[in-house]
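The values are calculated or read from the model by the stated rules, or taken from the named source; none is laboratory data. Since the model is a prediction, treat every value here as computed from it, not as a measurement. Positions of Cβ are generated from backbone atoms using ideal geometry, with glycine treated the same way; all protein chains shown enter the neighbour counts.
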Amino acid sequence: MMYDVIIVGGSYAGLSAGLQLARARRHVLVIDAGQRRNRFAATSHGFLSQDGQAPEVIAAQGRSQLMAYPTVTWVQGNAVQALQQPEGFSVRTDHHATFHGKRLILATGVVDDLPDIEGLEERWGKHVFHCPYCHGYELDQGRIGVLATSPLAMHHALMLPDWGTTTLFTNGVFTPDADQQAQLDRRRVSVEHGAVRRIRGERADLELDDGRVFNLDGIFTQSRTRISPLAEQLGCERVDGPTGRYLHTTEMRQASVPGVFAAGDVSLAAGSVALAVAEGVRAGVGAHFSLIDG
């Protein structure tokens, strides 16, 4: 069967894109590996009408609503290859099934490569975060650490005093210059320059190499992000973002390869459920317009 659109990724962006196309009565295939980026978080915040809801509940509700449309097909699996064909695109899964579509939407999200610090990975999404808007309020104006992985930690450090008492741990990554230090001083951000040994305790107690321990209610840091190899296979243009490469797209989220669209974190150097849903709308509508235009 030749689908109108194949969507790779069935999380928030992919579901949102699919909904626009299903309501246009287009035949849509969603291929999903079941690896939401926010799967480690207990609650999701900042998405109107769903604030405080569990991420898996939002995703399940979205899937249920999308699958109520008879022109939508769902396949569980990991898309491992995407090729451009004369009449569209083919996508092969890790189960060796191949599907064909006139248009392709990449809603694959990103993979987070975390700082290599003992105790951090198991606290990711629980007591170690990347987005103050998603998780800052719940720290209840408590003690917040910013763990630097690059000079971009300044961005977090200057934001987070609105959510609590903030300490920047430079971890030997960089030293704020005079202007940066003045900005930190204005925001009443403390600075610690020692190397971080580990994160321990029930929440996020940060221990330095000199043995000092800082009892924190939460830590914010920046991962390095990786996008799906499907984009490279297709020859889509990628650009460098603050934490990793992402897909270059037009306003309607068409990639540099005609017929390929992108939605969510894969094409936006920022991540939240609300943004992913909005980007999915753009990509779904963009793909529909392209089908109309032929």
Go through the residues of the range 268-276 one by one and say whether even a single one is farther than 22 Å from LEU48 by Cβ, surrounded by 15 or more Cβ atoms within 10 Å (Cβ to Cβ) and either free of Cβ contacts under 8 Å to residues at least 60 places away in the same chain or in the same structural domain as GLN84 (by TED's automatic domain parsing) (or both). yes
Within the range 214-242, which residues are under 24 Å from LEU139 (Cβ atoms) and either out of contact with any Asp or Glu (no Cβ under 9 Å at 6 or more places or on another chain) or free of Cβ contacts under 8 Å to residues at least 12 places away in the same chain (or both)? ILE219, PHE220, THR221, GLN222, PRO242
One residue is enough: does the range 6-14 have a residue meeting the conditions over 17 Å from PRO229 (Cα atoms), in contact with a Gly (Cβ under 7 Å, 6 or more places away or on another chain) and loosely packed, with under 15 Cβ neighbours inside 10 Å? no
What strands (runs of 3 or more DSSP E) completely inside the range 142-245 contain at least 2 residues that are of a type in the set (A, V, I, L, M)? 143-147, 196-200, 205-208
Among the residues of the range 248-291, the number that are in contact with a strand residue (DSSP E or B) (Cβ under 8 Å, 6 or more places away or on another chain), among the charged types (D, E, K, R) and part of a loop (DSSP other than H, G, I, E, B) is 1
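Could you tell me which residue of the range 102-116 is farthest from ARG37 (Cα to Cα), considering only residues that are touching a residue at least 60 places away in the same chain (Cβ under 8 Å) and surrounded by fewer than 21 Cβ atoms within 10 Å (Cβ to Cβ)? Please lay out each step first, then the result.
Our first condition is that a residue be touching a residue at least 60 places away in the same chain (Cβ under 8 Å); within the range 102-116, this holds for 102-115.
Filter once more, keeping what is surrounded by fewer than 21 Cβ atoms within 10 Å (Cβ to Cβ): 102, 111-115.
On the way: LYS102: 27, VAL111: 7, ASP112: 8, ASP113: 12, LEU114: 13, PRO115: 16 Å.
Among those residues, the one meeting the criterion is LYS102.
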Identity of the residue in the range 151-170, in contact with a Phe, Trp or Tyr (Cβ under 7 Å, 6 or more places away or on another chain) and under 17 Å from LEU120 (Cβ atoms), that ends up modelled with the highest pLDDT: THR167
